[in-house]
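Visitor: Below are the structure tokens for one structure; questions will follow.
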Amino acid sequence: QPQVPFSVFVGDTPAPADADGVVEISSGRHQLRIETQRYLPLIEQLDIEGLGQAQTFSYVLRPGWADVTIRSVPAGAQVRVDGVQIGVTPVDKEIMYGPRTIELSLDKYKPVSLQQIIVAGSRLQLDDILLEPADGQLQIESKPAGATISVSGVFFGTTPATITLASG
């Protein structure tokens, strides 16, 4: 396992580690919390013997991310997680656990926004996210102004006007 920088807390009090990762803790029963970036915090109850007696504890922290695959139809959409761009579909990324907003956008298509709960240590596949063509905008002017505008028998007003037409 790789060595990573970490923080140790005894109860809620930070307990600094020396260069070898050794933390001095007084004798008795203590709640130990170990934290580091990208991993889930570890909380453990420890009985410390004290009296200068060295005790060794070793822990393997669990990943705080999920392996996520995102694919769209069509491919090539920009992907953002909580507003941060992570790539272009198809994309395979590690995404940190918790509630996340995943947004896909592609020129000439409507953007898609998904609310997703990311579970640490899992694999998530978001396949074939369908991007719908964007609606069209039509600017209409006439001379003289005031001409009636209708599309497929539906009244849209009079000129000059900008109307939005649904794709398809």
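The values are calculated or read from the model by the stated rules, or taken from the named source; none is laboratory data. Keep in mind that what you see is a predicted model, and the values were worked out from it rather than measured. No Cβ is skipped: glycine too gets one built from the backbone with ideal geometry, and neighbour counts run over all protein chains shown. These accessible areas exclude ligands, DNA and RNA; they are computed on the full protein's heavy atoms, side chains included. Shrake-Rupley method; radii C 1.70, N 1.55, O 1.52, S 1.80 Å.
Visitor: Just the residues that are under 45 Å from the mean Cα position of the chain (by Cα) and either exposed (fewer than 11 other Cβ atoms within 10 Å of the Cβ) or part of a strand (DSSP E or B) (or both), please, taken from region 154-165.
Guide: Listed by number, the residues that qualify are V154, F155, F156, G157, A161, T162, I163, T164, L165.
Visitor: Please work out which one of (1) closer than 24 Å to I43 by Cα; (2) of a type outside the set (S, T, Y); (3) open to solvent by less than 60 Å² (accessible area, probe 1.4 Å) is the condition V60 fails and give its number.
Guide: Result: V60 fails condition (3) only.
Visitor: Select, from E49, E103, E94, E35, the only residue that is under 30 Å from A134 (Cβ atoms) and free of Cβ contacts under 8 Å to residues at least 60 places away in the same chain.
Guide: It is E103.
Visitor: Considering each residue of region 1-40, count those that are within 21 Å of E94 (Cβ to Cβ) and open to solvent by 70 Å² or more (accessible area, probe 1.4 Å), and give that number.
Guide: Residues flagged as within 21 Å of E94 (Cβ to Cβ) and open to solvent by 70 Å² or more (accessible area, probe 1.4 Å) within region 1-40 amount to 7.
A quick yes/no check of all residues on (1) modelled with pLDDT of 90 or more; (2) of a type in the set (K, R); (3) out of contact with any Asp or Glu (no Cβ under 8 Å at 6 or more places or on another chain):
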{"position": "I86", "(1), (2), (3)": "yes, no, yes"}
{"position": "P90", "(1), (2), (3)": "yes, no, yes"}
{"position": "E94", "(1), (2), (3)": "yes, no, no"}
{"position": "E103", "(1), (2), (3)": "yes, no, yes"}
{"position": "Y109", "(1), (2), (3)": "yes, no, no"}
{"position": "Q125", "(1), (2), (3)": "yes, no, yes"}
{"position": "E132", "(1), (2), (3)": "yes, no, yes"}
{"position": "G136", "(1), (2), (3)": "no, no, yes"}
{"position": "I149", "(1), (2), (3)": "yes, no, yes"}
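Visitor: Out of V4, V68, V23, which single residue is outside any strand (DSSP E or B), within 25 Å of R100 (Cβ to Cβ) and not small (G, A, S)?
Guide: None of the others qualify; the one that does is V4.
Visitor: Any residue in region 1-25 that is within 16 Å of L42 (Cα to Cα) sitting within a Cβ distance under 6 Å of a residue that is open to solvent by 80 Å² or more (accessible area, probe 1.4 Å) and at pLDDT 85 or above? List the pairs, counting only those 6 or more apart or interchain.
Guide: Pairs that qualify, where the first residue is within 16 Å of L42 (Cα to Cα) and the partner is open to solvent by 80 Å² or more (accessible area, probe 1.4 Å) and at pLDDT 85 or above: there are none.
Visitor: Within region 69-102, track down each residue that is under 15 Å from the mean Cα position of the chain (by Cα) and open to solvent by 70 Å² or more (accessible area, probe 1.4 Å).
Guide: If the condition is that a residue be under 15 Å from the mean Cα position of the chain (by Cα) and open to solvent by 70 Å² or more (accessible area, probe 1.4 Å), then R80, D82, V84, Q85, D92, K93, E94, Y97, P99 are the ones that fit.
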